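K.L.:
Can you keep this structure in mind? I'll have questions shortly.
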Amino acid sequence: MPSTPAMSNKPSALLSIDGLAIRSRDGAALVHDLSLTLSSGEWLTLVGESGSGKSLTALSCLDLLPRSLHADGDIRWQGQLLREMNATRRQRLRGGDIGMVFQEPLTALNPLHRIGRQLVEAIQLHQPVSHALAERQAVQLLREVGIRDPQRRLRAWPHELSGGQRQRVVIAMALANQPRLLIADEPTTALDAILQIQILDLIKTLQKRRGLAVLHISHDLPQVRRYADRVMVLRAGTVVESGATAEVFEHPCHDYTRTLLAPFATTPPDAASEGPPLLTVSRLDVRFPRKTTWWGRVSEWQDAVSQVGLTLRAGEALGIVGESGSGKSSLANALMRLTQASGSVRFRDLDWLSLQGEPLRQQRKHLQMVFQDPYSSLSPRLTVADIIAEGLLAHQHGMTAAERDAAVVAALNEVQIDASARHRYPHEFSGGQRQRIALARALILKPSLLVLDEPTSALDRRTQGDIIALLNQIRARSGLSYLLISHDLDVIRAVCQRVLVLHQGRIVEQAATAQLFARPQHAYTRALLSARRD
């Protein structure tokens with residue numbers, strides 16, 4: 001179905017795009033002849049797989065496309081062409097009239113500045129208010145988006161917050177100056193099902209209260225159905241279907257739309273492994289300083305993980321679920337020796353927490369991690385070949401350059417990436433491809449255990465299914481063990497044999513996957529499952 005023609009002369013249209021075309025420096029078409037209008041109080045969602053042009057379309061509305069890309073077509077804000085605005089007007093547009101929630105909050109926030117400073121700066125850039133008043137507004141914004149103890153959180157650094165908390169801060173920043181349009185690029189990527197609903201309910205409430213227009217980008221189709229007034233489906237930069245949300249979901253016209261609406265096409269995991277214990281954790285505690293005295297002594301601690309115990313057998317996939325801030329990533333970082341922890345951890349029959357120096361370095365190759373955000377975990381200055389070969393340089397000193405290159409090619413083949421692209425850079429790949437590259441970097445050392453921290457959270461549904469199928473194939477072929485952290489219960493069910501539920505740093509339930517989904521025992525587990533079904 002062709003895209004709806006833009007009606008740029010429509011009085012109520014806040015944003016109108018007519019014939020947008022975006023090309024790369026080498027002439028490749030990334031977005032082709034896209035047109036849309038968006039009015040006050042309207043919610044339009046762009047959906048499509050990674051690389052379909054959704055985020056590029058959003059960035060073009062603020063003239064924030066990378067310099068390597070060229071855009072043609074007309075973009076108007078309240079009837080005025082974007083390209084005819086002077087620098088002052090464009091600055092007022094960005095963060096003033098239009099607020100944007102970026103997909104990756106860790107890269108959207110400055111790691112060198114505290115949360116409070118960044119919020120105050122966003123407010124004072126567009127409002128002539130004192131620092132004290134801007135700080136009070138910042139506290140209220142954090143409270144609105146559900147940040148507990150907002151006054152204290154003003155003093156926090158971005159890395160001290162969970163992924164979900166960082167996303168809430170980014171949403172607060174986007175809403176700081178009461179914009180008329182909110183561009184939300186995957187605003188709930190890092191959140192569990194309960195918090196997704198809370199955040200989107202908040203945006204919906206603000207939309208109704210302020211007459212806010214929302215341009216929403218999402219790969220979560222159940223979420224889209226609940227909130228969007230209209231849907232536009234993109235594939236390879238082209239609009240293949242658009243219309244009222246109910247009509248598109250109930251009567252999709254295009255085969256691609258029907259593919260996106262289909263559930264995961266993956267084989268359920270086999271029965272629980274009977275292999276020997278590979279990882280045994282007991283009474284694990286992780287805590288962080290909450291308050292310090294004037295002379296630097298810690299006076300109050302925050303418990304992130306409390307008395308956690310688990311067993312992971314060789315060849316088994318264990319899922320860990322829980323809300324943002326429940327301790328999932330803190331647990332993963334503790335097992336990777338990236339965060340200090342106390343308790344007992346035995347890995348490959350070694351006292352893992354007591355290893356130091358060269359013995360620890362030698363054992364690290366057996367325990368590898370795939371991080372949540374491949375965009376920030378892959379160095380933008382290195383080629384894909386160099387990134388994947390880093391582990392070999394650290395652990396396989398006797399390899400020649402030719403042998404390393406052959407190992408890189410084999411790793412890329414294993415994750416189904418064309419090895420001829422290994423001399424390209426990470427930004428030249430889609431989100432799904434970058435996650436496969438991150439997986440190849442971990443697999444090249446032939447580890448015994450992979451810790452997967454939200455490996456599919458930033459991916460569209462179709463690409464998620466591809467990654468899940470790949471993970472299942474690799475485990476079946478190699479006997480690798482997975483510790484899979486995810487807020488997406490569908491992903492857990494498709495990969496894991498057992499599930500462990502974390503709530504406020506403690507285990508509240510653990511069971512075989514089928515049993516937990518069919519007969520959850522704890523109220524929090526039931527709430528998670530209910531939120532996802534809704």
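K.L.:
Each label point is 7 Å from the Cα along the Cα-to-Cβ direction; what then is the distance between the points at ARG477 and VAL508, in nm?
P.N.:
The answer from the label model is 3.9 nm.
K.L.:
With θ set to phi - 60°, apply the Karplus curve 6.51 cos²θ - 1.76 cosθ + 1.60 along the stretch 108-121 and write out the HN-Hα couplings as whole Hz, x wherever there is a Gly or Pro.
P.N.:
So the Karplus estimates, Gly and Pro as x, are 7, 9, 6, x, 8, 10, 5, 4, x, 4, 5, 5, 4, 4 Hz.
K.L.:
Lysines within cross-link reach of LYS204: Cα-Cα under 30 Å, excluding same-chain residues under 8 positions apart?
P.N.:
Excluding near neighbours in sequence, the set is LYS10, LYS54, LYS328.
K.L.:
Could you state how much accessible area SER354 has, in square angstrom rounded to the nearest 10, with a 1.4 Å probe and all protein chains kept in place?
P.N.:
Near enough 70 Å² of accessible area.
K.L.:
Ranked from highest to lowest mean number of other Cβ atoms within 10 Å per residue, what is the order of the peptides 30-41, 336-347?
P.N.:
30-41, 336-347
K.L.:
What's the extension gain from THR280 to SER344 if we count 0.36 nm per residue and subtract their Cα-Cα distance?
P.N.:
In short, 22.2 nm is gained.
K.L.:
In addition: Taking 0.36 nm per residue of sequence separation and subtracting the Cα-Cα distance, how much length would be gained by fully extending the chain between GLN140 and ASP386, in nm to one decimal?
P.N.:
84.0 nm
K.L.:
Could you grab the relative contact order for the stretch 306-399? Cα pairs under 8 Å, six or more apart, rounded to a whole percent.
P.N.:
Relative contact order, the stretch 306-399: 14 percent.
K.L.:
Run lengths n ≥ 4 of DSSP H only: what is the helix-derived mean residue ellipticity at 222 nm for the chain, with -39500 (n - 2.57) per run over all residues, to the nearest 500?
P.N.:
-10500 deg cm²/dmol
K.L.:
Name the shape class, rounded, prolate or oblate, that the alpha-carbon gyration tensor gives for the stretch 483-534, where a ≥ b ≥ c are the square roots of its eigenvalues, rounded holds for a/c under 1.5, and otherwise prolate holds if a/b is larger than b/c and oblate otherwise.
P.N.:
The shape class here is rounded.
K.L.:
Here is a follow-up. List, largest first, the extents of the alpha carbons of the chain along their principal axes, each in whole Å.
P.N.:
So the three principal-axis extents are 71, 56, 49 Å.
K.L.:
Once the Cβ-Cβ distance between CYS253 and GLU121 is put in as r, and R0 is 41 Å, what FRET efficiency do you end up with, to the nearest 0.05?
P.N.:
Using R0 = 41 Å, I get an efficiency of 0.35.
K.L.:
Sort out for me the Cα centre separation of the stretch 336-405 from the stretch 459-534, rounded to whole Å.
P.N.:
25 Å
K.L.:
If you don't mind, another one. Could you work out how much longer the chain between ARG67 and ARG92 gets when fully extended? Use 0.36 nm per residue separation minus the Cα distance between them, nm to one decimal.
P.N.:
Separation in residues times 0.36 nm, less the Cα-Cα distance, equals 6.9 nm.
K.L.:
What's the carbon and sulfur percent of the stretch 270-399's accessible surface, probe 1.4 angstrom, rounded to a whole number?
P.N.:
48 percent
K.L.:
Still on this structure, I have one more. Shape verdict for the stretch 155-199, please, from the Cα gyration tensor: rounded (a/c under 1.5), prolate (a/b greater than b/c) or oblate.
P.N.:
oblate
K.L.:
Which one, THR45, SER24, ALA58, is farthest towards the positive end of the dipole of the stretch 12-67 when Lys and Arg carry +1 and Asp and Glu -1 on their Cβ?
P.N.:
Farthest towards the positive pole: SER24.
K.L.:
Once you charge only the Cβ atoms, +1 for Lys and Arg and -1 for Asp and Glu, what is the size of the charge dipole of the chain about its Cα centre, to the nearest 20 debye?
P.N.:
1320 debye
K.L.:
Still on this model: In whole percent, what relative contact order does the chain give with Cα contacts below 8 Å and a gap of six or more residues?
P.N.:
Across the chain, relative contact order equals 16 percent.
K.L.:
Next up: Using only the heavy atoms of the protein chains and a 1.4 Å probe, how would LYS328, LYS208, LYS365, LYS291 rank by accessible area, largest first?
P.N.:
Greatest to least solvent exposure: LYS208, LYS291, LYS365, LYS328.
K.L.:
Under a 1.4 Å probe, what is the accessible area of the chain per residue, stated in Å²?
P.N.:
Accessible area per residue, the chain: 44 Å².
K.L.:
With the alpha-carbon atoms as the only input, what is the per residue convex hull volume for the stretch 147-281 in Å³?
P.N.:
For the stretch 147-281, the hull spanned by Cα atoms encloses 197 Å³ per residue.
K.L.:
Then there is this: Please report, as a whole percent, how much of the solvent-accessible surface of the stretch 178-236 comes from carbon and sulfur atoms (probe radius 1.4 Å).
P.N.:
46 percent
K.L.:
Leaving ligands, DNA and RNA out of it, report the carbon-plus-sulfur percent of the accessible area of the stretch 52-109 at a 1.4 Å probe.
P.N.:
Roughly 46 percent of what the probe reaches on the stretch 52-109 is carbon or sulfur.
K.L.:
For the stretch 177-247 and the stretch 66-141, what is the separation of their C-alpha centers, rounded to whole Å?
P.N.:
Going from one Cα centre to the other spans 19 Å.
K.L.:
When a/c is below 1.5 the answer is rounded, else prolate if a/b is larger than b/c, else oblate, so apply that to the stretch 178-245 with a ≥ b ≥ c taken from the square roots of the Cα gyration tensor eigenvalues.
P.N.:
oblate
The values are calculated or read from the model by the stated rules, or taken from the named source; none is laboratory data. From a predicted model like this one, the values you see are computed outputs, not experimental measurements. Heads up, the Cβs are rebuilt from the backbone with ideal geometry, glycines too, and the neighbour counts pull from every protein chain shown. Surface areas here come from the heavy atoms of the whole protein model, side chains and all, with no ligands, DNA or RNA. Shrake-Rupley method; radii C 1.70, N 1.55, O 1.52, S 1.80 Å.
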